[in-house]
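Presented below is the structure to which this report refers.
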Amino acid sequence: GAGVSQSPSNKVTEKGKDVELRCDPISGHTALYWYRQSLGQGLEFLIYFQGNSAPDKSGLPSDRFSAERTGGSVSTLTIQRTQQEDSAVYLCASTPTSGSSGAYEQYFGPGTRLTVT
Amino acid sequence: ELKVEQNPLFLSMQEGKNYTIYCNYSTTSDRLYWYRQDPGKSLESLFVLLSNGAVKQEGRLMASLDTKARLSTLHITAAVHDLSATYFCAVDMNQGAQKLVFGQGTRLTINP
């Protein structure tokens, strides 16, 4: 079946512009995660959605970052007023469910490489 | 704050040799994940370890978890070139949400 998809695969933007990154999780997966991978910071958790619950935004680095998940499926990560330090690969992952009663491997998308010039 | 450290960060080895990658973490957790990443690619799940003493094997790779020592190992047996990649361990923050904290990654190069 189809895996996690992300778009665009590459995005180059000028400093100060806003960008939107899209993630389409595996059908039926209720949990969705955003991570960021950069040379300086490695792989970092950003935000987590579970079903219709309020998202866990504890990993977002600043208030310039926000994310939505519409209809429990597609998610959009928005970065406002981009800075050069935002340059990284943004990875999305999904799992069938989450919670203390079970643990499921996270399936990662191909990522969006963001370059801020 | 949960910290995850891998050792070594870079490993160059010859085909046919055995080696082990270590993953230490700083706070209690009984969920540990190993991923592989090829250059320019995303993360591929290798193993999910969910309890103390868990051992899983797939081909030439074997992973184990010691929750008391807060240590996981990824053992490579008789390495082949195709195993060249970066390997990450990740630990669940154990808050029920499976938010992962990743190690720095071990870049493995296997030479013919």
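The values are calculated or read from the model by the stated rules, or taken from the named source; none is laboratory data. All values reported here derive from a predicted model rather than from experimental measurement. Neighbour counts are summed over all protein chains in view; Cβ atoms, including those assigned to glycine, are modelled from backbone coordinates with ideal geometry.
So, in the stretch A:66-92, of the ones that are under 15 Å from A:GLN50 (Cα atoms) and more than 13 Å from the chain's Cα centre (by Cα), which residue ends up modelled with the lowest pLDDT?
A:GLY72
Can you find a residue in the stretch B:93-112 that is more than 14 Å from chain A (Cβ to nearest Cβ), in contact (Cβ under 8 Å) with a residue 40 or more places away in the chain and surrounded by 20 or more Cβ atoms within 10 Å (Cβ to Cβ)?
yes
Can you report the number of residues in the stretch B:55-84 which are touching an Asp or Glu at 6+ places or on another chain (Cβ under 7 Å), more than 17 Å from B:TYR22 (Cβ to Cβ) and surrounded by 12 or more Cβ atoms within 10 Å (Cβ to Cβ)?
1
Inside the stretch B:1-28, can you point out the residues that are surrounded by fewer than 18 Cβ atoms within 10 Å (Cβ to Cβ) and within 14 Å of chain A (Cβ to nearest Cβ)?
Correct list: B:GLU1, B:LEU2, B:LYS3, B:GLU5, B:LEU9, B:THR28.
How about the stretch A:20-78: which of its residues are of a type outside the set (S, T, N, Q), assigned to a loop (DSSP other than H, G, I, E, B) and within 14 Å of another protein chain (Cβ to nearest Cβ)?
Once the filter is applied, which keeps residues that are of a type outside the set (S, T, N, Q), assigned to a loop (DSSP other than H, G, I, E, B) and within 14 Å of another protein chain (Cβ to nearest Cβ), the stretch A:20-78 yields A:PRO25, A:ILE26, A:HIS29, A:LEU39, A:GLY40, A:GLY51, A:ALA54, A:PRO55, A:LYS57, A:GLY59, A:LEU60.
From the list B:LEU32, B:LEU49, pick out the single residue that is within 21 Å of A:GLU44 (Cβ to Cβ), buried (at least 18 other Cβ atoms within 10 Å of the Cβ), touching a Ser or Thr at 6+ places or on another chain (Cβ under 8 Å) and modelled with pLDDT under 95.
B:LEU32
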